[in-house]
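> What follows is a structure written as structure tokens; I'll ask about it next.
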Amino acid sequence: MSLTTAYEFTLPRGYVDRNGEVHRTGRMRLATARDELEPLRDPTVQGPDDPRLTVLILARVVQSLGTLDLVTPYEIEGLFAADLAFLQDFYGVINFGSQQEYEELLATQVQAPPLIGVSAPAPRVPDPTPPAGGPGPAAAPPVPRPRIEEIPRVPA
């Protein structure tokens, strides 16, 4: 009986590189103790609950992503949230889960319809010249955007 040490995956959305190419398939290897300990020595990591720790660990164990043979923290940071969450789940299942959990994760992935996004329309630029008959109808007030506040970091 042989031990499987690397597993293929398909991201729900895919990593979009600088050239606009989408990379969805990849390969992740089993983590070693060093993979989990070494990132804790990184000066940018504030402790075991720092989200950056996940990024650094995944960058160590993701062996390939599409045509990218080298996956760095930069690529992991560029993933969509759904893809990062998937990789976290995948990491947990292949390293700590059972064969049944692995099969269930793969079945869920196969059964889920592909996520199809819609490209954002190009912003409309208003015509600076008013129509010949006068100023025309009043423009609709702008729609308020939701306000996103950053939660302040509490020093440890």
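> Stretched out fully, how many nm does the piece from residue 77 to residue 99 gain, at 0.36 nm a residue minus the Cα gap? Write down the numbers at each step before the final one.
Working: separation 22, 0.36 × 22 = 7.92 nm, distance 2.88 nm.
The span from residue 77 to residue 99 would gain 5.0 nm if fully extended.
> Residue 97: net charge of surrounding residues, Cβ under 13 Å, Lys/Arg +1, Asp/Glu -1, itself excluded?
Details: positive: none; negative: 89, 101, 103, 104.
Overall, the nearby charge balance is -4.
> More than 22 Å apart: what percent of Cα pairs in the stretch 6-101 qualify?
The calculated P(r) of the stretch 6-101 puts 25 percent of pairs beyond 22 Å.
> Provide the gained length on full extension for the span residue 109 to residue 31, in nm with one decimal, where the gain is 0.36 nm per separating residue minus the Cα-Cα distance.
25.9 nm
> Of the peptides 37-47, 61-71, how do they stack up when ordered by the mean number of other Cβ atoms within 10 Å, highest first?
Descending packing order for the listed peptides: 61-71, 37-47.
> Run the paramagnetic zone check for residue 8: 7 angstrom along Cα to Cβ, then residues of the stretch 68-85 with backbone nitrogen under 16 Å.
So the set is 68.
> Of 20, 95, 47, whose Cα points farthest to the positive end of the dipole of the stretch 6-101 (charges on the beta-carbon: +1 Lys, Arg; -1 Asp, Glu; origin at the Cα centre)?
20
Each reported figure results from applying straightforward, stated rules to the coordinates on display, with no laboratory input. Keep in mind the model is a prediction, meaning the values are calculated, not measured. Cβ sites come from the backbone with ideal geometry, for glycine too, and all protein chains shown count toward neighbours.
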